[in-house]
Amino acid sequence: MSAQEFAIALEALGFRYVEEKESDRCCLFVNPPCNDFFARCKIDDGDSTSCNEVEPFDDDLHPPGVIDLSTLPDGLPCHIEIISTKAEPELILHSFSVVKDSHRNLTVRTVDTGASVIESRFRFHDKDLEGAEVTADFTTVRGAHKYIIRGSTGNAGNAGKFSVMLPAGSLTKLAATQGAITVPKRGTITIPEVPWSLTPRKATSITIELDPTSFATMVCPAKRARVIILGDISGSMRNKGRMEILRQSFVDLLDRALSSDWRVCLAAWDSWVEWFGCGWIEPTQRAATVAWVQSLTARGGNDMRYAIEEALAQLPDATEVYVMCDGDISPFTLSPTGQAPAGRVPRLPKCDYESNQQPYNNTSWRLFRAQYPRTIFHFFALGPDSEAVHMQEMAEIGGGCFGESL
C-alpha cells in the first residue's frame, strides 16, 4: 500500500489528512494509527553511530501515527525501533530499516507494528474522569514478558480517555484513580495476534462507567448512521434502578438523534421485542416516543438472538446496532463449537421464556454476526451481574465499541 492509499484509508476511518509536498516532508505511516509511541532512529555511517528519537506529528494537518523522517541523512541505512510510550520497562513493538535517497524518497513508507490500540474512557456519575492516574498490568502472549502500564486520562477533547499501543497479550487490573474515586475495568482485555496489514487498524474502544444514570454517552454513531438501540427489559432489570437508567438513556439518545444527522429506532427486548412505531423516529414523534419510554417495565426472559433478528428484519438498512444487557448473552456462545444459525428463530410463546432452554441455544455469535457484514454491533453491559467479558468479545467480533457499568 502506498502512502497515498494509506492516507485515503485513514480518512475513511474519520482521520483528517492534508497531504504536504514531497519536498517538505518524508512521512512514515505507522499502523495502527495512534500517537502512543515514539521512534528511535539509529544511524551508522561506518565511523560512528548516532541516535535520536522522533515523535508522531501532533497537529491538525496529520492523522495519528505519522512521523517525519526528512532529517535522515541521504543514502545511509537507518535502523528504527517503534516503542510504546506507556509501558515499563521499555516495550519495543517493531524494528526495521529504512533509507532516504537524495530525492527524498523512503524505501519504506508504511509499516505495521503488529500491535493494537486499546482506547479506554473512564466516567464517574455521568462525567468524564479527567486527569486521572491510570495503571494496568500487561503480559505478552504465553507470559513471556510482563510490564506495568502507567499514564493519565485526557482533558478537553480527550476527556476521560486513555489509550495505549500494545502487542498481543493480556491487559489486567486496568483502573483510573482520581482522589478517592477509582473506576476499575472488570476482567481481562485480551489483545489478539493480528495479521500483518497496511490497512489502518481501528482502535478497540471501551467505556467504563461507575454509578451512571444513563449509558447514552457510549453511543457514538458514524455520520448519517441509522442506529437501532436494543434495551434490556428482562426481569432482572427491576433491580438497582436499572429501568430508570434505561428510560433516561432512551430519552437522551432520542434527543441527540433528533438534533444530529443520524437516525434512531428504539426497541425494548426480553424474549420478545417491543418497538416504538415501525421505523426511524421523526421529530414530530418525540412526545409520543417519550411516553412510550416511560411506560416500559421489566418483565421477561432473555433471547438476544430473536431481538437482533427482529431488529434487522424490521430495519434492514440499519448500519449500527447497540445492545444493552444486564445479564447473560444467551442463546449465543463464543465457543468455536457453537452451532451455525439456520434461518430465523420463532417468537417464543411467552415473553418470560428463556432462550437457553431452546433448541437454538449455543448459537455461534461469530457465525451469526457474519450474516450481517454491513452492520456494526456494539454492546453495553449494565451492572455487575452482566457477562461483561463475553459482551466485550462480541463487540470486537461485531466491529463495534464496548461499554460496561458497575
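The values are calculated or read from the model by the stated rules, or taken from the named source; none is laboratory data. As the structure is a computational prediction, the values presented were derived from the model and not from experiment. Cβ sites come from the backbone with ideal geometry, for glycine too, and all protein chains shown count toward neighbours. Remember, those area values only see protein heavy atoms, side chains included, never the ligands or the DNA or RNA. Shrake-Rupley method; radii C 1.70, N 1.55, O 1.52, S 1.80 Å.
Output the strands (runs of 3 or more DSSP E) that fall wholly within region 288-406 and possess 2 or more residues being in contact with a Gly (Cβ under 7 Å, 6 or more places away or on another chain) and free of Cβ contacts under 8 Å to residues at least 12 places away in the same chain, or say none. Of the strands (runs of 3 or more DSSP E) lying wholly inside region 288-406, none has at least 2 residues that are in contact with a Gly (Cβ under 7 Å, 6 or more places away or on another chain) and free of Cβ contacts under 8 Å to residues at least 12 places away in the same chain.
Conditions tested, residue by residue: (1) of a type in the set (V, I, T); (2) touching a helix residue (DSSP H, G or I) at 6+ places or on another chain (Cβ under 7 Å); (3) buried (at least 22 other Cβ atoms within 10 Å of the Cβ); (4) touching a residue at least 40 places away in the same chain (Cβ under 8 Å).
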| residue | (1), (2), (3), (4) |
| --- | --- |
| R186 | no, yes, no, yes |
| I189 | yes, no, yes, yes |
| K202 | no, no, no, yes |
| C220 | no, no, no, yes |
| I229 | yes, yes, yes, yes |
| N239 | no, no, no, yes |
| L253 | no, yes, yes, no |
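Going through (1) within 14 Å of M165 (Cα to Cα); (2) open to solvent by 10 Å² or more (accessible area, probe 1.4 Å); (3) among the aliphatic types (A, V, I, L, M) one by one, I118 falls short only on (2).
Restricting attention to region 304-321, does a residue exist that is more than 22 Å from Y360 (Cα to Cα) and small (G, A, S)? For region 304-321, residues more than 22 Å from Y360 (Cα to Cα) and small (G, A, S): present. The residue list I118, I148 contains one member that is touching an Asp or Glu at 6+ places or on another chain (Cβ under 6 Å), part of a strand (DSSP E or B) and either at positive phi or at pLDDT 95 or above (or both), which is I148.
Considering only residues in region 128-184 that are among the basic types (K, R) and over 19 Å from the mean Cα position of the chain (by Cα), the one that is most open to solvent (accessible area, probe 1.4 Å) turns out to be R142. The criterion of at least 3 residues that are crowded, with 21+ Cβ neighbours inside 10 Å is met by the following strands (runs of 3 or more DSSP E) wholly inside region 60-107: 78-84. Against the conditions (1) in contact with a His (Cβ under 8 Å, 6 or more places away or on another chain); (2) closer than 30 Å to S70 by Cα; (3) modelled with pLDDT of 95 or more; (4) of a type outside the set (F, W, Y), L93 satisfies every one except (1). Residues in region 203-242 that are assigned to a helix (DSSP H, G or I) and touching a Ser or Thr at 6+ places or on another chain (Cβ under 7 Å) were compared, and the one that is modelled with the lowest pLDDT is M218.
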